[in-house]
Amino acid sequence: MKFSISREALLRPLALVAGVVERRQTLPVLSNVLIQVQDTQVALTGTDLEVELIGRTAPTQVDEPGSATVPARKLMDICKSLPEQSEIQFVLEDGRAVLRSGRSRFTLSTLPVAEFPNIEDGQGSVELSLPRGTLKHLIDSTSFAMAQQDVRYYLNGMLLELRSNLVRTVSTDGHRLAVCSRPADIEVEPAQKLIVPRKGVLELSRLLDDSDEPVSLTLGSTHVRAHTGEFTFTSKLVDGKFPDYERVVPRNGDKVFIADRAELRQVLSRTSILSNEKYRGVRLHLDEGNLRVMANNPEQEEAEENVAIEYSGPAMEIGFNVGYLIDVLGVLDEDRVQMTLADPNSSALMEEPGGGDAMYVVMPMRL
């Protein structure tokens, strides 16, 4: 294998592919990136056995096609540290990869290409295409509510629901729920429900931009695959049953108030400074035209703020984990937010005034 490539052409796909590679691996070859060189393209592959990402780029010149696996982090750090617009020569000598650029020379160890695992090509049952911006918006609006290391493993991911003319993402960690739906020009019969693991969701989001360019999805029984131009992303699916989220959405709320989103977020952030570090509880006291936000902690310190709201109804007090409220206010696009409450023991519904494409449910706390 022998080829040369510009630093910039190598760096972007390498940075994304190296993101998939885990630092601590059970198999040594998994901390490597697979480089495959053909006449007109260089393909870089990284995997952790759950998620696989292939990035393609154009070399300046190929003298000898071939393939090798080299340590992903070290290769990326070398490329980053070289001067901009550098030309990198890559050659395989005696089982080692030698990089030359200007007066620099680096020799990297390699591992056999045959050891590099390949996520099997499951037969995709459904193929469809979505605008990248649509899928990115859906992921970014709901991914914050995914569980991190819950024993209910199906919560450590995101439900991707595809039905004719509609795409929906849902995530929950048991304390809060995020649902976002967008119309889409797709035909899916019967409707498909996939649980994409947390890491797959985050890596897929990094690949997408806000454009109307298409991303093509191939849905299999155990994998989902996405193609965006130079990248092919594959993720295993979580085998499990996602909770019935429709049942969790509160329908009986009669106390509805509207507040300025940015102002409410700042008030909650300031108040949270004096909340209990472990439980992060704040109390919301609802009055006509005013919302009082209060927090205290075991050191007897207290914070209290008032914020003007649009509300005319009975007074009520309810407690929440302040972090959950701030997360929702951080992803909503609108200038104002609508919150619907029933009583101190029922979940709150947060959304854009009058609805919108996303809704968020937050469970209350007893304070």
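Per residue, region 162-260 exposes 47 Å² of solvent-accessible protein surface, assessed with a 1.4 angstrom probe and all protein chains in place. Overall shape of the chain was characterised from the C-alpha gyration tensor. The equivalent ellipsoid obtained from it has semi-axes of 47, 24, 18 Å, in decreasing order. The value of relative contact order for region 255-306, using C-alpha pairs under 8 Å at least six residues apart, is 30 percent. With semi-axes defined as the square roots of five times the eigenvalues of the C-alpha gyration tensor, the equivalent ellipsoid of region 47-97 measures 20, 16, 13 Å, largest first.
Could you list the chymotrypsin sites (Phe, Trp or Tyr not before Pro) in region 262-367 that lie in coil according to DSSP, counting only those with at most 15 other Cβ atoms within 10 Å of their Cβ?
Sparse-neighbourhood loop chymotrypsin sites (Phe, Trp or Tyr not before Pro): TYR279.
Maximal additional length on extending the ASP333-GLU189 stretch stands at 48.7 nm, based on 0.36 nm per residue less the C-alpha distance. Computed from the Cβ-Cβ distance with R0 of 56 Å, the FRET efficiency linking TYR279 to GLN85 stands at 0.60.
Taking 10 °C and 1.306 mPa s as the conditions, I'd like the Stokes-Einstein D for region 77-201 in µm²/s, using the Kirkwood hydrodynamic radius from alpha carbon pairs. Answer, rounded: 86 µm²/s.
Straightening the chain between ARG100 and GLN300 buys 65.7 nm, computed as 0.36 nm per residue apart minus the Cα-Cα spacing.
Placing a label point 7 Å from the Cα of MET316 along the Cα-to-Cβ line, the residues of region 236-250 whose backbone N sits under 14 Å from it are 250.
Radius of gyration (Cα atoms) of region 12-88, expressed as a multiple of 2.2 N^0.38 Å: 1.09. Only helical runs count toward this figure. For the chain, summing -39,500 (n - 2.57) over DSSP H runs of n ≥ 4 and dividing by all residues gives -5500 deg cm²/dmol at 222 nm. Ordering of 328-336, 145-153, 199-207, 296-304 by packing is 199-207, 328-336, 145-153, 296-304, highest average first (other Cβ atoms within 10 Å, averaged per residue).
With the simple model of a label 7 Å out from the Cα in the direction of the Cβ, SER67 to SER221 spans 2.7 nm. Between TYR153 and GLU93, the FRET efficiency estimated from the beta carbon spacing at R0 = 45 angstrom works out to 0.50.
The Stokes-Einstein estimate for region 17-159, based on a Kirkwood radius over Cα pairs and taken at 25 °C with 0.890 mPa s viscosity, is a diffusion coefficient of 138 µm²/s. Each part gets one Cα centre, and for region 220-278 versus region 152-178 those centres are 8 Å apart. For the cross-link pairs LYS80/LYS199; LYS74/LYS278; LYS236/LYS278; LYS2/LYS74; LYS199/LYS241; LYS74/LYS199, the ones whose C-alpha atoms lie over 27 Å apart are LYS74/LYS278; LYS236/LYS278. A Förster radius of 45 Å, combined with the Cβ-Cβ distance separating LYS241 from ALA58, puts the computed FRET efficiency at roughly 0.50. For the chain, the fraction of 1.4 Å probe accessible surface lying on carbon and sulfur atoms is 45 percent.
Remark: spin-label model distance THR107-ARG24 equals 3.2 nm, labels positioned 7 Å along the Cα→Cβ axis.
The values are calculated or read from the model by the stated rules, or taken from the named source; none is laboratory data. A quick note: this is a predicted structure, and the numbers were derived from the prediction, not measured. Cβ atoms come from the backbone with ideal geometry, glycine included; neighbour counts cover every protein chain shown. Please note that ligands, DNA and RNA were not included when accessible areas were found on the heavy atoms of the full protein model with its side chains. Shrake-Rupley method; radii C 1.70, N 1.55, O 1.52, S 1.80 Å.
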